[in-house]
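Only one structure is covered here, and it is reproduced in the block below.
The values are calculated or read from the model by the stated rules, or taken from the named source; none is laboratory data. It should be emphasised that the depicted structure is a prediction, and the values quoted were computed from it without experimental measurement. Here Cβ is always computed from backbone atoms with ideal geometry, including for glycine, and neighbour counts include all displayed protein chains.
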Amino acid sequence: MRWSDDAEKDLDGIVGYIVRDNAVNALRTLDRLHGRARSLESLSTRGRRIPEVSMPTVPPPRELVEGPWRILYAIDADIVLVIAVVDNRRSIEAWVAQRFESDRIELDRIELNQVELDRAHD
């Protein structure tokens with residue numbers, strides 16, 4: 001089991017937000033999320049594929065719900081990689097758009113450069 005840098009930042013953000021009101025509850029939440037994620041070590045396919053998002057990735061991302069959060073992960077060989085922890089009350093599509101916005105901007109820039117190269121060769 002591994003946690004991506006983004007997933008660790010998500011977890012830090014969740015705990016940081018909760019700790020402002022209740023430190024004990026923040027620690028309980030952290031324990032719950034870690035425990036739920038650890039359960040994937042013995043039964044990695046227990047989560048479902050993410051129904052709202054068709055992400056053409058290999059391996060396809062899956063999710064496990066704990067409280068109001070969705071633990072997003074992927075299985076590659078024998079390794080479970082937690083890729084994000086997302087508030088279930090938030091649109092997953094909005095999360096994807098925000099998380100991958102910089103990648104999309106870079107992709108748009110590459111596509112624009114390719115169009116310019118194609119025009120130059122015409």
Self-check item: All positions within segment 68-78 that are modelled with pLDDT under 90 and loosely packed, with under 13 Cβ neighbours inside 10 Å
Solution: Asp76, Ala77, Asp78
Quiz item: When you go through (1) assigned to a helix (DSSP H, G or I); (2) without any contact (Cβ under 8 Å) to a residue 12 or more places away in the chain; (3) under 22 Å from Trp95 (Cβ atoms); (4) not hydroxyl-bearing (Ser, Thr, Tyr) one by one for Ile14, which number turns out not to apply?
Solution: (2)
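Quick grid of which residues meet (1) part of a helix (DSSP H, G or I); (2) modelled with pLDDT under 85:
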{"site": "Val24", "(1), (2)": "yes, no"}
{"site": "Gly35", "(1), (2)": "yes, no"}
{"site": "Arg38", "(1), (2)": "yes, no"}
{"site": "Thr45", "(1), (2)": "yes, yes"}
{"site": "Pro60", "(1), (2)": "no, yes"}
{"site": "Leu81", "(1), (2)": "no, no"}
{"site": "Ala94", "(1), (2)": "yes, yes"}
{"site": "Asp103", "(1), (2)": "yes, yes"}
{"site": "Leu112", "(1), (2)": "yes, yes"}
